[in-house]
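Asks: To start, I am sharing the structure in question, which I have written as structure tokens.
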Amino acid sequence: MKIKESLGMKVFRFINGIILTALAIACVYPMYHVIMASFSDGYSLLGHSGALITPLNFNLDGYEKLFEYPILLKSYGNTLFICVVQLVLNVILTSFAAYALTRKELHIRRYVMLFILFTMYFNGGMVPTYMLIRDLGLLNSLWSIILPSALTTYNLIVLRTAFAAVPESLYESARLDGAGHFQILFKIYLPLTKASLAVVVLYYLVAAWSSWFSASLYLDDREKYPLQLLLREILIENDAGEMSAGVSDSEKQAVSETLKYSAIVISTIPILCVYPFLQKYFAKGVMIGAVKG
């Protein structure tokens, strides 16, 4: 039997819809503005103010200049290398650690977990970390970015909580059938916790793709810069001189304006393409372990 809604509920739904629509527009429009500006003429863009609904004198000068810049493609490759290698290390180490910390046979697991949690709130600081990277011979190497981020405590907690929710009876029956720890991990635990694993992968991937601070500390060779560090030069330090060489100051300013927006678009699209494939697991994976019954 359908329950008739009261007038107050209808008013609430109407106002709630307006508020949520306004919030959605506020979130989506900045991205839309950047895309439209990236396809606009630099001179028109400099003289424009207010909202941007359509491109101003549509052209692709910003993208053409970007892809003519050799170091940009090199930095793109560096970022892809960092993301792939770091993600593989992240998933392997986090899975192994989460599995070990749920095993009752490891009697010191609580103390190990407390030690790991301690590193989540306290660390050696920037200078000692830099000295460690230097003494390990990792300076000016992409490994100086990959290895220190090989495991994150928060992601370990998420995956450990998911593993702890797997019935112990499955582990015991697998052991009785002669399965080893690697077989149990890869054939039972990981398939049953795909939602949490997808969340962990998403967290690691976004962190690796967006990272620039470590690269600014440890890398001196611009040929090894990841994409985000190169974009920082273009967007914050306004360093687009090499891309607009041989033109007047006014033309350089116009080119620099479209370059900023084009750089944001090409650096954002790849990571946005990952979200639709992992989003369906996101809410479920984060909520695992939140309710105890």
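Asks: Quick one: among N78, N90, N59, which has the greatest mean-square fluctuation in a GNM of the chain with alpha-carbon springs under 10 angstrom?
Replies: Of the options given, N59 has the highest mean-square fluctuation.
Asks: Running a GNM on the chain with Cα contacts under 10 Å, which residue among V200, V28, V11 ends up with the highest mean-square fluctuation?
Replies: Looking only at V200, V28, V11, the largest GNM fluctuation is found for V11.
Asks: Would you kindly calculate the translational diffusion coefficient of region 179-231, applying Stokes-Einstein with the Kirkwood radius from alpha carbon pairs, for 37 °C and a viscosity of 0.692 mPa s, and quote it in µm² s⁻¹ without decimals?
Replies: Working: Rh = 13.7 Å.
The diffusion coefficient I find is 240 µm²/s.
Asks: Working out 0.36 nm times the residue gap between I19 and D221, then minus their Cα-Cα distance, what length gain in nm do you get to one decimal? Mind dumping the intermediate values first?
Replies: Values: separation 202, 0.36 × 202 = 72.72 nm, distance 4.85 nm.
Additional length available on full extension: 67.9 nm.
Asks: Putting +1 on Lys and Arg Cβ atoms and -1 on Asp and Glu Cβ atoms, find which of Y32, C83, S169 reaches farthest to the positive end of the dipole of the chain.
Replies: Of the candidates, S169 comes out farthest on the positive side.
Asks: Moving on to the next point. Express in nm, to one decimal, how much length is gained between E105 and C27 on full extension, taking 0.36 nm for each residue of separation and deducting their alpha carbon distance.
Replies: Separation in residues times 0.36 nm, less the Cα-Cα distance, equals 23.2 nm.
Asks: Given the DSSP H assignment, sum -39500 (n - 2.57) over each helix run of at least 4 residues in the chain and divide by its residue total; what's the result at 222 nm in deg cm²/dmol, nearest 500? Each step should come with its number before you reach the end.
Replies: Working: 14 runs with 198 residues, N = 293.
The helix contribution divided over the chain gives -22000 deg cm²/dmol.
Asks: How large is the dipole of the chain about the Cα centre if only Lys and Arg carry +1 and Asp and Glu carry -1, each at its Cβ, rounded to the nearest 20 debye?
Replies: The dipole magnitude comes to about 1860 debye.
Asks: Which of the trypsin sites (Lys or Arg not before Pro) found in region 83-165 are in a DSSP loop and have at most 12 neighbouring Cβ atoms, other than their own, within 10 Å? Walk me through the numbers before you get to the answer.
Replies: Details: sites: R103, K104, R109, R110, R134, R160; in loops: R103, K104.
Those satisfying the criteria are K104.
Asks: Rounded to the nearest 10 Å², what accessible area does H33 show when all protein chains are kept and the probe is 1.4 Å?
Replies: 40
Asks: Could you tell me what percent of the accessible area of the chain is made up of carbon and sulfur, with a 1.4 Å probe and every protein chain present?
Replies: 67
Asks: Another question, then. If ligands, DNA and RNA are left out, what is the accessible area of E233 with a 1.4 Å probe, given in Å² to the nearest 10?
Replies: Spelled out: E233, probe radius 1.4 Å, area about 20 Å².
Asks: Only loop residues by DSSP count here, and only those with at most 12 other Cβ atoms within 10 Å; note down the chymotrypsin sites (Phe, Trp or Tyr not before Pro) in region 52-84 that meet that.
Replies: When the chymotrypsin sites (Phe, Trp or Tyr not before Pro) of region 52-84 are filtered for loop state and at most 12 Cβ neighbours within 10 Å, F58 remain.
Asks: Let me ask something else about it. To the nearest 10 square angstrom, what accessible area does D221 show with a 1.4 Å probe?
Replies: Its heavy atoms expose roughly 60 Å² to the probe.
Asks: Among the GluC sites (Glu not before Pro) within region 43-142, which fall in a DSSP loop and have no more than 16 other Cβ atoms within 10 Å of their own Cβ? Intermediate results must be reported in sequence, preceding the final value.
Replies: Values: sites: E64, E68, E105; in loops: E68, E105.
For GluC sites (Glu not before Pro) across region 43-142 that sit outside H, G, I, E and B with at most 16 neighbouring Cβ atoms in 10 Å, the list reads E68, E105.
Asks: Mind checking the angle between helix 7-38 and the chain's longest principal axis? C-alpha axes, 0 to 90 degrees, to the nearest 10.
Replies: Helix 7-38 and the main axis of the chain meet at about 60 degrees.
Asks: How would I145, I269 rank on accessible area, largest to smallest, probe 1.4 Å?
Replies: On the way: I145 10, I269 85 Å².
Correct descending sequence by accessible area is I269, I145.
Asks: Just one of (i) 24.7, 77; (ii) 22.0, 73; (iii) 18.2, 58 is Rg and Dmax of the Cα atoms in Å calculated from these coordinates, so which is it?
Replies: (i)
Asks: Could you provide, to the nearest whole Å², the per residue accessible area of region 35-94 with probe 1.4 Å?
Replies: Numbers: 3010 Å² over 60 residues.
Accessible area per residue: 50 Å².
The values are calculated or read from the model by the stated rules, or taken from the named source; none is laboratory data. None of the values given here were measured: they were computed from a predicted structure. Cβ sites come from the backbone with ideal geometry, for glycine too, and all protein chains shown count toward neighbours. Quick note on the areas: whole protein, heavy atoms, side chains included, nothing else; ligands and nucleic acids left out. Shrake-Rupley method; radii C 1.70, N 1.55, O 1.52, S 1.80 Å.
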